[in-house]
Amino acid sequence: MSVKLITTEDGSHSLYHEELKETYHSFHGAFKESIHVFMLYGLDSWLAQNAGKRPVRVFEVGFGTGLNAWLSLVWADQNQIPMLYHTIEPFPLDEEIYSQLNYGELDENIAHYRPHLKMLHKASWDQGTVLTEYFNMKKDKATLEDVQLYPMDVVFYDAFAPKKQPEMWEKNLFQKIFDQMRPGGVLTTYCATGQLRRDLKEVGFEVEKLPGPPGKKEMTRAWKQ
């Protein structure tokens, strides 16, 4: 796998996958995209609807740069909410790549979490790892089709775009997720295609069209009631 480091419009790093000709995050701002799509419309929205539930169980499709996992670790610590974080990535990054990522330099209020990004990448695969008092993670080097899922509350669907990886957007995969999601759970993704929304509705989700992150008009959120 050939990737190169790029800087997006908000100053945060992302990666460019040269074979797929696709970036890991929005070129309009990797950091802002993750905050908007996965923290604001994911974790914050879930918490507003499920204030008393503990722990929160998060499943991420696409560990990638580790940005979503790192922001979730910060979120869990700042809110003092125990989090069980399960993520998959069949093609982990080499240390020479992830060691250059600058996410911890972008907000001085959370700069002290900078070492945790490397800790996330260095954590062993296919077993649980305690990263902080509130954040427990399991990384599986696996595909969504093959991985064993656990009950979940929040899903970050952050695979490459449907035009680049159509196999990651098949309806049967969303059915697999829906079947393991707990009532009150939410799935959030940057993707806003009509086909995605139709498929999510068909497997049982209640689907919302929401304002997208910088540079993108819309995104999708889906609830299991």
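Structure summary
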| item | result |
| --- | --- |
| Estimated vicinal HN-Hα couplings, Hz - the range 160-176 in sequence order (Karplus 6.51, -1.76, 1.60; Gly, Pro = x) | 4, 4, x, 5, 8, 9, x, 5, 7, 10, 6, 4, 5, 6, 6, 5, 4 |
| For the range 120-137, Karplus couplings with θ = phi - 60° (6.51, -1.76, 1.60), whole Hz, Gly/Pro x | 4, 6, 7, 4, 4, 7, 6, 7, x, 9, 8, 9, 9, 4, 10, 10, 10, 10 |
| Backbone HN-Hα couplings from phi across the range 104-112 [Karplus 6.51/-1.76/1.60, Hz, Gly and Pro as x] | x, 9, 8, 9, 5, 5, 10, 4, 5 |
| Coil-residue GluC sites (Glu not before Pro) of the range 17-59, DSSP, other Cβ within 10 Å capped at 14 | 18, 19 |
| Percent of beta bridges antiparallel (DSSP, the range 30-224, rounded to nearest 5) | 40 |
| Placed amide H near residue 102: partners under 5 Å, 5+ positions off or other chain | 13 |
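We did not get these values from a lab; they are worked out from the coordinates using the rules stated. Source: prediction; values computed, not measured. Glycine also receives a Cβ, built like all others from the backbone with ideal geometry; neighbour counts cover every protein chain displayed.
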